Amino acid sequence: MRLVVRRWKEGWRAPRYDVFEVEADPSESVLDLVERVSLKLDPTLTFEHACHHGVCGACGMVVNGVERLTCVTRVGDVARNGVILVEPLHGFKVVSDLVVDKSRMFSRYPDDTRTLERVAAQVEKLWDCVECGICYSACPVACSYPSYLGPSVLAWAFHRAVEEGRVPAPVASRSGVWSCHAAFDCSEKCPVNFQPGEKIMRLRRLLLRGAVEVV
Amino acid sequence: MGLGEALRSWLRVRGRSAEHVSFAVRRLAGMVLALYLVVHMVDISTLLMGEHVYSAFLQVFASPIGLVFDVVLWAFLVLHGALGLYSALVEAGLLLERRKVLLAAAWAAALLLLVVGIVVILYVMG
């Protein structure tokens, strides 16, 4: 198997693509291959991962052009002619190699904390959302309009609107639901079928009908 | 974030869904139609230079190249219109459960109108 990885580290003038030849079983995950390269071939390769079973949302990457959680993506399902190209998510600043800075997403939740802290504070988890950032990477608006709140945050706002009957003003602004242009790749690429695109449109409908208060 | 990066994210095709490709086609068609509006304004403005100038300019569009231009313009128009109608419905929160069927219908309508338009342009107007 040939694993091609987009590399970039601070101080480099431009990214480059490194090619690694690795033994692979079709039933292995793409993350397994990335880890093997890191452990055996190039310890400087940086990437994020944690749970290895599709819950933490840390290992989102672009695999052969498609955003995926690499820990639950089998090599045999995505390899093309024995080649897998792995790139960092779009829409976020690359920190190093496959690691991106997701603070543009995390900082826009109502309390500036991570999921586990919110759960501990008895503030709801994002329902089924694993906060992987794949929806931002897939969204053409999020990738071209930095002020856009983004699919997962707006889908969260939809749930809040249904439960509480109100939404924060930024959600109903140009940087909120009105910037979505129905590309729906957020929903198509979401690994947990959270359907952020549909939720954004349903929130719009609530706003158009005056069914929720903007505070 | 520059214009190039924005356009690349809009017009990305590799690994994208039919919805995203439709979004890209709709946007691209919209930009072409906006540019055509400028051309059309120039076209109309030739009236200020006299009827003969305007008539001579119109002859350009009666040529085979003009007909090809009309076909391409019609293609962009029907794609932008049909996909725009799909977009208007789903962006208002309507028919979200059936959005894939709606999108397929929009493409089918666009292709049907395209064929009808080509026949009219080539065999009636041409």
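The values are calculated or read from the model by the stated rules, or taken from the named source; none is laboratory data. The shown structure was predicted, so the numbers you read here are calculated from the model rather than taken from an experiment. Neighbour counts are summed over all protein chains in view; Cβ atoms, including those assigned to glycine, are modelled from backbone coordinates with ideal geometry. The protein model used for the area step is the full one, side chains on, heavy atoms only, and it has no ligands, DNA or RNA in it. Shrake-Rupley method; radii C 1.70, N 1.55, O 1.52, S 1.80 Å.
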Of the residues in segment B:65-90 that are within 13 Å of another protein chain (Cβ to nearest Cβ) and open to solvent by less than 30 Å² (accessible area, probe 1.4 Å), the one that is farthest from the chain's Cα centre (by Cα) is B:VAL90
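Here is a yes/no grid of residues against (1) open to solvent by 70 Å² or more (accessible area, probe 1.4 Å); (2) away from chain B (no Cβ under 11 Å); (3) in contact with a Gly (Cβ under 6 Å, 6 or more places away or on another chain):
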| site | (1), (2), (3) |
| --- | --- |
| A:ALA161 | no, yes, no |
| A:SER173 | no, yes, no |
| A:VAL177 | no, no, no |
| A:HIS181 | no, no, no |
| A:GLY197 | no, no, no |
| A:ILE200 | no, no, no |
| A:VAL212 | no, yes, yes |
Residues of segment B:14-44 satisfying the condition of being aliphatic (A, V, I, L, M), facing chain A (nearest Cβ under 9 Å) and open to solvent by 50 Å² or more (accessible area, probe 1.4 Å)
B:ALA18
Hey, among the residues in segment A:58-80 that are part of a loop (DSSP other than H, G, I, E, B) and in contact with a strand residue (DSSP E or B) (Cβ under 7 Å, 6 or more places away or on another chain), which one's surrounded by the most Cβ atoms within 10 Å (Cβ to Cβ)?
A:CYS59
Taking the condition facing chain B (nearest Cβ under 9 Å), closer than 25 Å to A:CYS59 by Cβ and of a type in the set (A, V, I, L, M, F, W, C), does A:CYS190 pass?
no
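Is it the case that B:ALA109 is under 21 Å from A:TRP178 (Cα atoms), of a type outside the set (Lys, Arg) and assigned to a helix (DSSP H, G or I)? Talk me through it step by step, then tell me what you get.
Details: under 21 Å from A:TRP178 (Cα atoms): no; of a type outside the set (Lys, Arg): yes; assigned to a helix (DSSP H, G or I): yes.
No; evaluated as a whole, the condition is false for this residue.
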Enumeration of residues in segment A:179-215 that are acidic (Asp, Glu) and more than 14 Å from the chain's Cα centre (by Cα):
A:GLU198, A:GLU213
Given (1) over 25 Å from B:GLU97 (Cβ atoms); (2) open to solvent by 10 Å² or more (accessible area, probe 1.4 Å), index of the condition A:GLY133 fails
(2)
Taking the options A:VAL22, A:VAL83, name whichever one is surrounded by fewer than 17 Cβ atoms within 10 Å (Cβ to Cβ), touching a Lys or Arg at 6+ places or on another chain (Cβ under 8 Å) and not basic (Lys, Arg).
A:VAL83
All positions within segment B:36-70 that are out of contact with any helix residue (DSSP H, G or I) (no Cβ under 7 Å at 6 or more places or on another chain), assigned to a helix (DSSP H, G or I) and hydroxyl-bearing (Ser, Thr, Tyr)
B:SER45, B:SER55
Segment B:91-122, residues that are more than 19 Å from B:HIS20 (Cβ to Cβ), more than 14 Å from chain A (Cβ to nearest Cβ) and open to solvent by less than 30 Å² (accessible area, probe 1.4 Å)
B:GLY117, B:ILE121
Selection count, segment A:31-57, where residues are in a helix (DSSP H, G or I) and among the aliphatic types (A, V, I, L, M):
6
